[in-house]
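K.L.:
The following block contains the structure, expressed as structure tokens.
The values are calculated or read from the model by the stated rules, or taken from the named source; none is laboratory data. Predicted, not measured: the structure shown is a model, and the values here were computed from it. For neighbour counting, all protein chains shown are included, and Cβ atoms are generated from backbone atoms with ideal geometry for every residue, glycine included.
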Amino acid sequence: WQVDDIGVRVASITPRGTFLAMLRPFVKDVIDDYTMTPEQVRNDEHKKPMRRGSIGFAGGTGLAEVSLTGETMWRLDLDKIEKEKDYQVIHHDVLMDKDHHIHTLYRPKKIATISVNGKMETDTLGGDGIMVIDTLGNVLKTWSAWDVWDIENDPYIGEYRYDRFHINGLCFDRDDNYLLSAPIEDQIWKVDAKSGELVWRFGRDGDFRMDTTAYFSFQHSPYIMENGDLMLFDNGLHNQRSGGKAFRLDEENRTAQITINALLPADKYTSRMGNASILPNGNLLQCSSKTGSVMVTDKEGKVLWESVLHFAPYRAVYVPVETWDKYFKEIK
């Protein structure tokens with residue numbers, strides 16, 4: 001599916017068997033393929049466009065629901081219909097629930113006086129939150145990370161004041177509460193969908209006891225597997241090894257056990273983007289965005305199949321063959 005006036009940033013399959021697409025205006029690619037040392041890449045990464053594979057802007061200004069035969073069912077241009085500026089840009093994930101409400105991430109700001117290089121300054125801080133809207137564009141509910149954050153005791157607020165959390169993943173837990181990926185903290189957060197309470201933080205310096213060798217860093221794309229385990233893509237900034245990891249969380253006793261550790265070969269390291277998910281046969285579908293690789297691996301990370309693309313794929317998603325049963329049939 002494609003329209004002439006706007007591009008697609010991300011898409012998901014809805015409970016009613018359609019595609020929900022996040023839309024974003026086109027941005028011309030910047031060609032900057034000159035050779036850089038690893039240190040130069042790290043220092044300049046925040047300046048590079050998403051095509052290069054750095055932080056970039058993984059957001060959009062619109063939404064559309066599309067049938068599996070390509071008909072546009074509805075479209076919302078948030079930058080045109082929403083009066084509140086913070087509601088005009090969404091990012092990373094768009095999820096539809098069983099009531100056909102849409103859950104996505106947005107960028108709430110906060111004016112605060114903070115310490116910057118030893119001096120107190122009043123500035124507009126950049127944050128993240130969850131926004132719930134209906135298919136008419138009505139904002140039903142919002143949650144902001146600033147509501148649960150202690151700015152005064154945050155030693156990094158000056159350094160990261162314009163993008164403090166960089167939330168890069170949203171999914172539902174089994175109890176319909178939210179799970180968020182907070183990569184700057186190297187943590188997954190659970191947020192109560194009704195009260196907005198930050199229930200727990202999982203990962204480095206979090207609320208769960210775990211083997212420190214299983215820590216993850218700048219992770220992406222958390223989701224709950226059918227067996228209840230939490231899977232995420234560990235980008236591995238500290239050891240420069242990326243790959244899928246799954247954990248069994250005991251929320252009552254606050255303990256975590258790693259159940260899958262499928263790190264990719266070292267040459268498939270991707271410092272940004274990427275995802276991993278379990279396939280019906282028990283293997284993993286993994287995406288190494290900055291190397292352009294979509295792979296099937298076993299649970300130890302051995303590559304069994306690979307497709308190398310000419311662009312930087314943000315994620316790779318498995319769509320069950322049954323999804324297409326109404327539209328195609330095998331001719332033998």
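K.L.:
Inspect all residues belonging to region 192-210 and state whether any of them is of a type outside the set (Gly, Ala, Ser), touching a Pro at 6+ places or on another chain (Cβ under 9 Å) and on the phi < 0 side of the Ramachandran plot.
P.N.:
Looking through region 192-210, none of the residues is of a type outside the set (Gly, Ala, Ser), touching a Pro at 6+ places or on another chain (Cβ under 9 Å) and on the phi < 0 side of the Ramachandran plot.
K.L.:
From the set of residues in region 149-175 that are modelled with pLDDT under 95 and loosely packed, with under 14 Cβ neighbours inside 10 Å, which is nearest to His92 (Cα to Cα)?
P.N.:
Tyr162
K.L.:
Hey, another quick one. List the residue pairs whose Cβ atoms are under 8 Å apart, where the first residue sits in region 307-331 and is on the phi < 0 side of the Ramachandran plot, the second is loosely packed, with under 10 Cβ neighbours inside 10 Å and of a type outside the set (S, T, N, Q), and the two are 6 or more positions apart or on different chains.
P.N.:
As it stands, the answer is Pro320/Pro280, since those pairs meet every condition given.
One line per residue, one yes/no per condition, for (1) assigned to a loop (DSSP other than H, G, I, E, B); (2) of a type in the set (A, V, I, L, M, F, W, C); (3) outside the structural domain of Pro313 (by TED's automatic domain parsing); (4) more than 30 Å from Met295 (Cα to Cα):
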| residue | (1), (2), (3), (4) |
| --- | --- |
| Tyr160 | yes, no, yes, yes |
| Asp163 | yes, no, yes, yes |
| Asp175 | yes, no, yes, yes |
| Ile188 | no, yes, yes, no |
| Phe216 | yes, yes, no, no |
| Ser221 | no, no, no, no |
| His238 | yes, no, no, no |
| Arg241 | yes, no, no, no |
| Lys245 | no, no, no, no |
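K.L.:
Turning to a different aspect of this structure: Condition first: outside any helix (DSSP H, G or I), in contact with a Cys (Cβ under 6 Å, 6 or more places away or on another chain), within 20 Å of Val296 (Cα to Cα) and not basic (Lys, Arg). Can you find one or more residues in region 229-236 that meet it?
P.N.:
The answer is no; no qualifying residue exists.
K.L.:
Moving on to the next point. Would you mention how many residues in region 100-138 are under 19 Å from the mean Cα position of the chain (by Cα) and at positive phi?
P.N.:
Counting residues in region 100-138 that are under 19 Å from the mean Cα position of the chain (by Cα) and at positive phi gives 0.
K.L.:
Which residue is surrounded by the most Cβ atoms within 10 Å (Cβ to Cβ), if the candidates are limited to region 291-312 and must be in contact with a strand residue (DSSP E or B) (Cβ under 6 Å, 6 or more places away or on another chain) and over 23 Å from Asn261 (Cβ atoms)?
P.N.:
Here the answer is Gly292.
K.L.:
Since Thr124 meets every condition but one in (1) under 16 Å from Val89 (Cβ atoms); (2) part of a loop (DSSP other than H, G, I, E, B); (3) touching a Lys or Arg at 6+ places or on another chain (Cβ under 7 Å), which condition does it not meet?
P.N.:
The single condition Thr124 does not satisfy is (2).
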